[in-house]
Amino acid sequence: MVGDYFELRGKQTSVKIEIVAGLTTFLTMAYIIFVNPSILSLEGVEVAGVERMDKQALIAATCLASGIATLIVGIVANAPIAMAPGMGLNAFFAALLISGKMNWQTALGAVFVSGLVFLILTLLGLRKRLVEAIPASLISSIAVGIGLFITFMGLVKLGVVVGDEHTLVKAGPLNATILIGLFGLLVMIVLAMLKITGGLVAGILVATILAAVFGKINRPESLIALNLNLRAIAFKLDIFGALKWGFIGSIFTLMFIDMFDSIGTLVGCCHQANMIDETGRIRGLDRLLGIDAVATMIGALLGTSTTTSYIESAAGIEQGGRTGLTSVVTGLLFLLAALFVPIVGVVPSYATAPALIMVGLFMMKEVKKIDFGNLEEAFPAFIIMVMIALSYSISTGLAFGFISFTIIKVVSGKIRDVKPAMWVIAILSLLFLTVEQVPAAIEFLKQHVR
């Protein structure tokens, strides 16, 4: 029955493969259970006069929002895509609080409004048109750029790459945790070469066991967390407060980041999972985009920042996940994690980091589909790949790439090659990169134009 519902045979997979894939995805993104509450509660941030969100309630909200949204993806869209509060989006949410522009209730209202607008755009078919207007070469570059981005994330989490005030980044000094992580990476490589399913999970587990043997992880004080309570933040959003004219720029920024982060993630992951038809279009894209919008609204109601598609889904896809059963497994694990947070917290970040590096490697194969002999296509693709990784933001990288693609086509006299929806994308990208400067520009004109 399960096999028939999720079409396992038709997609050449099995219950075992899907379970392993779902576990892999969960392990690679379980960090969000701890990172998201830390960011949204402004933990460690010294700022006066700002009402803080309850961290324990945020842990529960993160687990529930991630679990519910991912289950919906699995059951409704039958896709191996996991969802959770987005990194970058939660940082922007926290920045709104720190700046004093909004309290957290109003910020949650802004998140809900952005999700509602997205849902309307999706139902009208506009978001799908935006995705399908992106040229094939840029779609391939998105996958490669995300691969580089994930690799960089993995190297930073592992400690191989660290910050430097002079060169921005440098190689970190070798230590015990890095060596443990690298051994886990070696396990993954060997199992991948032998074509053994579950290599990423095996590498994570081996690294975690080694960390425990050498005393590099803290034993949990308890096995079950019974003190999680949503009441402090759930259903406390202020929607009407977010609809003030002065908050339009913040809502637009939330919308843009979510739109193009999710588009980039879905394009990259769905192509990797072979969820494309004979015309190269993503199957079930409307459903996925609609669920992404609904997930944002659900997350806001529960008390967390924008919930969106997660690029770590690529880890499960690489392990063979091809159906919604992968997402169901991941979603159930997130719901269970609300009770077993102490146990989940035992897995160190340097144990899961190698999985991100491996996924980055696998996603690089899309570079072969980019025509580097055609500069009109090659340069925007190159900009997307580089800027996604170096700006540490999928949406920023896409904005630069989309704008450069449009400008190059106009300059080369091939303006007809730019689809109407691509013009919309380019304009939105330009607004995204300049929206923060608009108030300053208006003030400048007021002072100098009389």
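The values are calculated or read from the model by the stated rules, or taken from the named source; none is laboratory data. All of these numbers come straight from a predicted model, not from anything done at the bench. Because the Cβ atoms are built from the backbone with ideal geometry, glycine has one as well, and the counts that use them run over all protein chains shown.
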ask   = Among helices (runs of 4 or more DSSP H) lying entirely in the stretch 236-340, which contain 1 or more residues that are surrounded by fewer than 18 Cβ atoms within 10 Å (Cβ to Cβ) and basic (Lys, Arg)?
value = 285-302
note = Note on the stretch 188-242: residues at pLDDT below 90, in contact with a Phe, Trp or Tyr (Cβ under 9 Å, 6 or more places away or on another chain) and within 15 Å of Ala355 (Cβ to Cβ) are Ala192, Gly203
key: Scope the stretch 381-404; condition under 12 Å from Phe152 (Cβ atoms) and of a type in the set (Ser, Thr, Tyr); matching residues   = Ser391, Tyr392, Ser393
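Every residue in the stretch 399-421 that is in a loop (DSSP other than H, G, I, E, B) and in contact (Cβ under 8 Å) with a residue 12 or more places away in the chain, please.
Correct list: Ser412, Lys414, Val418, Lys419.
In the stretch 163-178, which residues are surrounded by 14 or more Cβ atoms within 10 Å (Cβ to Cβ) and either at pLDDT 90 or above or assigned to a helix (DSSP H, G or I) (or both)?
Of the residues in the stretch 163-178, the ones surrounded by 14 or more Cβ atoms within 10 Å (Cβ to Cβ) are 172, 177-178.
Hits for the stretch 163-178 are Thr177, Ile178.
Go through Gly215, Gly246 for me and flag whichever is within 28 Å of the chain's Cα centre (by Cα) and of a type outside the set (S, T, N, Q). Walk me through it before giving the result.
Details: Gly215 fails: within 28 Å of the chain's Cα centre (by Cα).
So the residue among Gly215, Gly246 that is within 28 Å of the chain's Cα centre (by Cα) and of a type outside the set (S, T, N, Q) is Gly246.
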key: Residue ID - modelled with the highest pLDDT, chosen from residues in the stretch 265-315 that are under 11 Å from the mean Cα position of the chain (by Cα) and over 25 Å from Phe362 (Cα atoms)   = Thr307
task = Tell me, yes or no, whether the stretch 100-120 has at least one residue that is under 27 Å from Val386 (Cα atoms) and surrounded by fewer than 23 Cβ atoms within 10 Å (Cβ to Cβ).
result = no
key: Segments classed as helices (runs of 4 or more DSSP H), wholly inside the stretch 55-144, with at least 1 members that are of a type in the set (A, V, I, L, M, F, W, C), touching a helix residue (DSSP H, G or I) at 6+ places or on another chain (Cβ under 9 Å) and over 25 Å from Ser250 (Cα atoms)   = 55-72
task = Have a look at Phe379, Phe400, Phe372, Phe362 and point out the one that is farther than 14 Å from Ile150 by Cβ, under 19 Å from the mean Cα position of the chain (by Cα), among the aromatic types (Phe, Trp, Tyr) and surrounded by fewer than 21 Cβ atoms within 10 Å (Cβ to Cβ).
result = Phe400
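Evaluate the following for Ile343: is it touching a residue at least 60 places away in the same chain (Cβ under 8 Å), under 13 Å from Leu27 (Cα atoms), β-branched (Val, Ile, Thr) and part of a helix (DSSP H, G or I)?
Numbers: touching a residue at least 60 places away in the same chain (Cβ under 8 Å): yes; under 13 Å from Leu27 (Cα atoms): yes; β-branched (Val, Ile, Thr): yes; part of a helix (DSSP H, G or I): yes.
Here the answer is yes, as Ile343 does meet what is asked.
Do you know which of the residues in the stretch 181-204 that are free of Cβ contacts under 8 Å to residues at least 40 places away in the same chain and outside any loop (DSSP other than H, G, I, E, B) is farthest from Leu339 (Cα to Cα)?
Going through the stretch 181-204, the residues free of Cβ contacts under 8 Å to residues at least 40 places away in the same chain turn out to be 183, 186-187, 190-191, 193-196, 202.
Subset that is outside any loop (DSSP other than H, G, I, E, B): 183, 186-187, 190-191, 193, 202.
Numbers: Phe183: 30, Leu186: 32, Val187: 30, Val190: 34, Leu191: 32, Met193: 37, Ala202: 24 Å.
Among those residues, the one meeting the criterion is Met193.
Among residues belonging to the stretch 348-382 that are among the polar types (S, T, N, Q) and part of a helix (DSSP H, G or I), point out the one that is nearest to Leu186 (Cα to Cα). Walk me through how you get there before you give the answer.
Within the stretch 348-382, the first condition is being among the polar types (S, T, N, Q), and the residues that meet it are 349, 352, 374.
Next cut, part of a helix (DSSP H, G or I) only: 349, 352.
Numbers: Ser349: 16, Thr352: 13 Å.
Residue satisfying both the conditions and the ranking: Thr352.
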note = Of (1) over 26 Å from Gly290 (Cβ atoms); (2) of a type in the set (D, E, K, R); (3) crowded, with 21+ Cβ neighbours inside 10 Å, Glu18 fails just (1)
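Can you say whether Gly145 is more than 19 Å from Ser404 (Cβ to Cβ) and either buried (at least 16 other Cβ atoms within 10 Å of the Cβ) or out of contact with any Leu (no Cβ under 7 Å at 6 or more places or on another chain) (or both), as far as the supplied structure shows?
On the way: more than 19 Å from Ser404 (Cβ to Cβ): no; either buried (at least 16 other Cβ atoms within 10 Å of the Cβ) or out of contact with any Leu (no Cβ under 7 Å at 6 or more places or on another chain) (or both): yes.
Answer is no for this residue.
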inquiry  = Checking the condition under 17 Å from the mean Cα position of the chain (by Cα), within 26 Å of Leu185 (Cα to Cα) and at pLDDT 85 or above, which residue from Leu158, Leu148 passes?
reply    = Leu148
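Within the stretch 12-35, count every residue that is outside any helix (DSSP H, G or I) and modelled with pLDDT of 90 or more. Explain how you work it out, then say what you get.
Initial filter on the stretch 12-35 (outside any helix (DSSP H, G or I)): 12-14, 30-31.
Adding the requirement that they be modelled with pLDDT of 90 or more leaves 13-14.
Going through the stretch 12-35 one residue at a time, the tally reaches 2.
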Every pair of residues 6+ apart whose Cβ atoms lie under 6 Å, when the first sits in the stretch 22-33 and is more than 14 Å from Leu336 (Cα to Cα) and surrounded by 24 or more Cβ atoms within 10 Å (Cβ to Cβ) while the second is aromatic (Phe, Trp, Tyr) and at pLDDT 85 or above = Met29/Tyr310
